[in-house]
1. How many residues are more than 17 Å from D216 (Cα to Cα) and either assigned to a loop (DSSP other than H, G, I, E, B) or of a type in the set (S, T, N, Q) (or both) if we restrict to the stretch 172-183?
2. Consider the stretch 25-44. How many of its residues are within 11 Å of V55 (Cα to Cα) and not charged (D, E, K, R)?
3. Quick check on G87: is it assigned to a helix (DSSP H, G or I), closer than 26 Å to N166 by Cα and under 15 Å from the mean Cα position of the chain (by Cα)?
4. Any idea how many residues of the stretch 52-84 are in a loop (DSSP other than H, G, I, E, B) and either among the hydroxyl-bearing types (S, T, Y) or more than 22 Å from K138 (Cβ to Cβ) (or both)?
5. Those residues that are under 27 Å from A146 (Cα atoms) and touching a helix residue (DSSP H, G or I) at 6+ places or on another chain (Cβ under 7 Å), I need them from the stretch 50-81; list them, please.
6. Mind checking whether some residue in the stretch 144-158 is of a type outside the set (A, V, I, L, M, F, W, C), assigned to a loop (DSSP other than H, G, I, E, B) and within 23 Å of L36 (Cβ to Cβ)?
7. Would you point out which residue out of K127, K139 is assigned to a loop (DSSP other than H, G, I, E, B), surrounded by fewer than 18 Cβ atoms within 10 Å (Cβ to Cβ) and basic (K, R)?
8. Can we say E24 is modelled with pLDDT of 95 or more and assigned by TED's automatic domain parsing to the domain that holds L116?
Amino acid sequence: MKFTKYILAFICLGATFGSLNAQEVSDREIIALLELRARTNGENWTHKWDQTKPVRTWYGITVEDGKVVGLELSNNNLVGNLPLTIGNLRNLRVLDLSNNKLEGRIPVELRKFNHLLVADLSGNHFKGKIPSTINRLKKLKEFNLANNQLSGELPNSLTELQQLENLVLTNNKLEGKMPLGMEQLKNLKGLYLANNNFNDLNNLKTLASQQIILTDIAIEKNGFKQIDFSKTESRAAKLKFSDLE
């Protein structure tokens with residue numbers, strides 16, 4: 001009953017701002033944004049939203065053709081869990097919520113972001129596993145989950161992100177092996193895995209030997225012996241290893 005009242009409150013808010021934002025963004029997106037604000041301490045954000053003005057003027061919001069395509073609230077004192085309704089922002093191309101105090105699990109609703117190019121959730125307190133449904137983000141180029149408390153093994157579905165250019169997972173509690181098929185990431189330029197608990201990164205040999213674009217790898221401070229790339233093809237010799245001790 002309490003949850004129902006909560007949702008109804010947002011519907012009423014959506015109606016209140018409906019005339020103001022007519023033909024600008026959908027009610028579904030407005031409700032998603034308002035719930036994000038409510039769930040993440042919006043009253044104390046560094047840069048607050050003036051709800052008396054159109055959504056396109058709200059801090060960190062980019063609107064194109066009546067659709068919210070950018071949500072950039074880095075360093076804005078967001079505290080709490082992301083609401084499930086964030087999945088309503090299906091036209092997002094850029095999602096940057098880095099350097100806040102967000103917690104809980106990464107919502108599986110992110111799988112709905114079919115147009116997403118950049119996802120930066122670094123510098124928060126997210127826990128649990130990386131959702132296997134990330135393979136739905138077919139257009140994703142930049143994926144940054146550094147400086148969280150994520151754990152478990154990387155999902156095999158990660159190898160389906162064939163547009164990915166940079167994968168940043170440093171400073172988490174990730175473990176196990178790298179997924180088979182990493183060489184499928186044909187556009188990968190940077191791979192940053194430092195300060196985790198990976199115990200077997202030998203699958204990177206195949207990635208390093210077959211990749212033409214990959215130029216930067218950071219793998220220090222994990223639970224494995226130094227990988228010997230000397231037996232891989234010559235392309236691996238061109239790799240830059242960031243901050244290896």
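The values are calculated or read from the model by the stated rules, or taken from the named source; none is laboratory data. These figures come from a predicted structure and were not determined experimentally. So basically every Cβ, Gly included, is an ideal-geometry build from the backbone, and we count neighbours across all protein chains shown.
1. Filtering the stretch 172-183 down to residues more than 17 Å from D216 (Cα to Cα) leaves 172-177, 179-181.
This time we only want the ones that are either assigned to a loop (DSSP other than H, G, I, E, B) or of a type in the set (S, T, N, Q) (or both), so: 172, 179-181.
Summing the residues that are more than 17 Å from D216 (Cα to Cα) and either assigned to a loop (DSSP other than H, G, I, E, B) or of a type in the set (S, T, N, Q) (or both) in the stretch 172-183 gives 4.
2. Going through the stretch 25-44 one residue at a time, the tally reaches 5.
3. yes
4. Number of matching residues: 14.
5. I61, V68, N77, G80, N81
6. Within the stretch 144-158, one or more residues are of a type outside the set (A, V, I, L, M, F, W, C), assigned to a loop (DSSP other than H, G, I, E, B) and within 23 Å of L36 (Cβ to Cβ).
7. Result: K139 is the single residue among K127, K139 that is assigned to a loop (DSSP other than H, G, I, E, B), surrounded by fewer than 18 Cβ atoms within 10 Å (Cβ to Cβ) and basic (K, R).
8. It is false that E24 is modelled with pLDDT of 95 or more and assigned by TED's automatic domain parsing to the domain that holds L116.
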